[in-house]
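Trainee: Got a structure for you, questions after.
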Amino acid sequence: MVATHGRHVVVESPDGTRRICHPRGKKSLAVVGDQVLWLASQDEGTIEKVLPQRNLLHRQDEIRTKQFAANLDQVLVLIAARPEFSESQLARALIACEAAGIKALVALNKKDLGELFERAWARLAPYRDMGYAVLPLALKDSSDPDNAALFRQLQGQTTLVLGPSGSGKSTLINALIPGALVQTNEISQALNSGKHTTTSTTWYWVDPERTTAIIDSPGFQEFGLHHVEPMQLAQLMPDIKAQAQDCKFYNCTHLHEPGCGVLATLQLDAKSADSPGKISSSRYRIYSELFEQLSQPQRY
Ligand SMILES: Nc1nc2c(ncn2[C@@H]2O[C@H](COP(=O)(O)OP(=O)(O)OP(=O)(O)O)[C@@H](O)[C@H]2O)c(=O)[nH]1
Ligand SMILES: [Mg+2]
Ligand SMILES: [Zn+2]
């Protein structure tokens with residue numbers, strides 16, 4: 001399954017030919033990356049069966065839109081120096097990847113924006129420290145060696161590109177596949193007008209041998225994590241997880257308990273400004289806010 005357009009989808013056969021298919025009932029609702037069995041009906045087709053998935057990434061946001069992709073090798077969370085990224089949304093995307101058991105890397109685009117870039121890069125320090133690959137990017141400058149470093153990480157993999165609107169996801173597809181001609185959003189001309197913004201998730205082959213795949217997706221504003229249990233959360237945040245090993249209670253929420261390894265680390269950090277390998281105040285705030293949110297009864 002290589003694309004979704006509302007109710008119908010595009011399916012690619014092993015020989016590379018593509019055709020429009022319609023799901024047959026709820027059970028055959030497929031997402032990009034799914035392997036499906038389909039039956040021809042004239043020049044279109046119906047999806048008869050979705051084969052078992054190796055993994056599935058999903059989110060649910062306030063307006064209830066779900067986006068999915070399945071059978072991924074990795075997720076690239078692409079953010080940029082402008083628009084300024086929300087750390088909370090970045091953290092949520094990474095938590096969703098951990099929950100789905102999918103490797104994630106982070107790239108910060110628009111290196112040409114000088115001080116804005118430097119500031120954004122500094123905000124990513126906790127993510128480097130907790131073990132994520134965080135790569136600089138300059139997609140506007142095709143000769144920049146940092147781009148080549150990222151492209152190497154994509155080789156031979158199936159990668160879903162996730163990120164807020166305007167970070168350069170479609171620009172990345174165009175840089176990797178010169179013939180793709182994906183429409184990109186020129187924010188300078190049409191700020192927030194939604195012009196040429198990506199509206200559907202689409203699979204692209206990077207090489208003619210079809211060994212490297214990259215999946216473009218619409219930008220997200222909200223990254224809902226309704227499927228994560230609050231007590232699961234600490235295990236999905238590597239920096240919190242590392243300190244939670246020391247908690248006195250096995251069911252510690254890391255919010256108020258005595259003998260909590262996470263709270264102890266925060267107190268230490270407050271005294272010595274940059275003790276490495278610890279938990280930043282913004283990360284802990286994100287943890288506690290998310291814990292609270294996920295503990296509320298579902299609003300929908
Ligand atoms: N300054 C600068 N601008 C860039 C760079 N890379 C991409 N852009 C611009 O950023 C804008 C948004 O790029 P897109 O590729 O459309 O962003 P997107 O992530 O696909 O956005 P959505 O489809 O809305 O989710 C465009 O105007 C690009 O030309 C860069 O390295 N530097
Ligand atoms: Mg796009
Ligand atoms: Zn604790």
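Trainee: Is there a residue in the range 72-83 that is assigned to a helix (DSSP H, G or I), in the same structural domain as Leu172 (by TED's automatic domain parsing) and closer than 30 Å to His22 by Cα?
Mentor: Within the range 72-83, not a single residue is assigned to a helix (DSSP H, G or I), in the same structural domain as Leu172 (by TED's automatic domain parsing) and closer than 30 Å to His22 by Cα.
Trainee: Follow-up question, since we're still on this one. Would it be correct to say that Leu108 is in contact with a helix residue (DSSP H, G or I) (Cβ under 9 Å, 6 or more places away or on another chain) and away from ligand 3 (no atom under 16 Å from the Cβ)?
Mentor: Yes: the conditions hold for Leu108.
Trainee: If you don't mind, there's one more thing I want to ask. Need pairs with beta-carbon distance below 6 Å; first residue over 15 Å from Phe68 (Cα atoms) and within the range 40-56, second among the basic types (Lys, Arg) and not in a strand (DSSP E or B); sequence gap 6+ or separate chains.
Mentor: Thr46/Arg24
Trainee: Follow-up question, since we're still on this one. Out of the residues in the range 207-237 meeting the condition of being out of contact with any strand residue (DSSP E or B) (no Cβ under 6 Å at 6 or more places or on another chain) and among the aliphatic types (A, V, I, L, M), tell me which one is farthest from ligand 3 (Cβ to nearest atom).
Mentor: Leu225
Trainee: Here is a check on your reading of the model: is Glu87 under 15 Å from the mean Cα position of the chain (by Cα) and acidic (Asp, Glu)?
Mentor: Taking the combined requirement at face value, the residue satisfies it.
Trainee: Identify the single condition in (1) without any contact (Cβ under 8 Å) to a residue 12 or more places away in the chain; (2) basic (Lys, Arg); (3) outside the structural domain of Lys111 (by TED's automatic domain parsing) that Arg19 does not satisfy, given that it satisfies every other one.
Mentor: Going through the list (1) without any contact (Cβ under 8 Å) to a residue 12 or more places away in the chain; (2) basic (Lys, Arg); (3) outside the structural domain of Lys111 (by TED's automatic domain parsing), Arg19 breaks only (1).
Trainee: Among the numbered criteria (1) at pLDDT 90 or above; (2) in a loop (DSSP other than H, G, I, E, B), which one does Thr198 miss?
Mentor: Going through the list (1) at pLDDT 90 or above; (2) in a loop (DSSP other than H, G, I, E, B), Thr198 breaks only (1).
Trainee: From Leu139, Leu150, grab the single residue that is in contact with a strand residue (DSSP E or B) (Cβ under 7 Å, 6 or more places away or on another chain), part of a loop (DSSP other than H, G, I, E, B) and surrounded by 15 or more Cβ atoms within 10 Å (Cβ to Cβ).
Mentor: Leu139
Trainee: I'd like to verify a number: residues in the range 129-138 that are under 17 Å from the mean Cα position of the chain (by Cα) and within 25 Å of Leu176 (Cα to Cα), how many?
Mentor: Counting residues in the range 129-138 that are under 17 Å from the mean Cα position of the chain (by Cα) and within 25 Å of Leu176 (Cα to Cα) gives 6.
Trainee: Tally time: how many residues in the range 91-131 are of a type in the set (A, V, I, L, M), more than 17 Å from Thr159 (Cβ to Cβ) and either in a helix (DSSP H, G or I) or outside the structural domain of Pro164 (by TED's automatic domain parsing) (or both)?
Mentor: Final tally of qualifying residues: 8.
Trainee: Taking the condition near ligand 1 (Cβ under 7 Å from one of its atoms), among the β-branched types (Val, Ile, Thr) and at pLDDT 85 or above, does Thr171 pass?
Mentor: yes
Trainee: Filter the range 108-128 down to the residues that are within 24 Å of Ala242 (Cβ to Cβ) and out of contact with any Lys or Arg (no Cβ under 8 Å at 6 or more places or on another chain) and list them by number.
Mentor: Answer for the range 108-128, where residues must be within 24 Å of Ala242 (Cβ to Cβ) and out of contact with any Lys or Arg (no Cβ under 8 Å at 6 or more places or on another chain): Leu108, Trp121, Ala122, Arg123, Leu124, Ala125, Tyr127, Arg128.
The values are calculated or read from the model by the stated rules, or taken from the named source; none is laboratory data. All figures in this text were calculated on a predicted structure; none of them were measured in a lab. Counting neighbours? That spans all protein chains shown, and the Cβs are built from the backbone with ideal geometry, glycine included.
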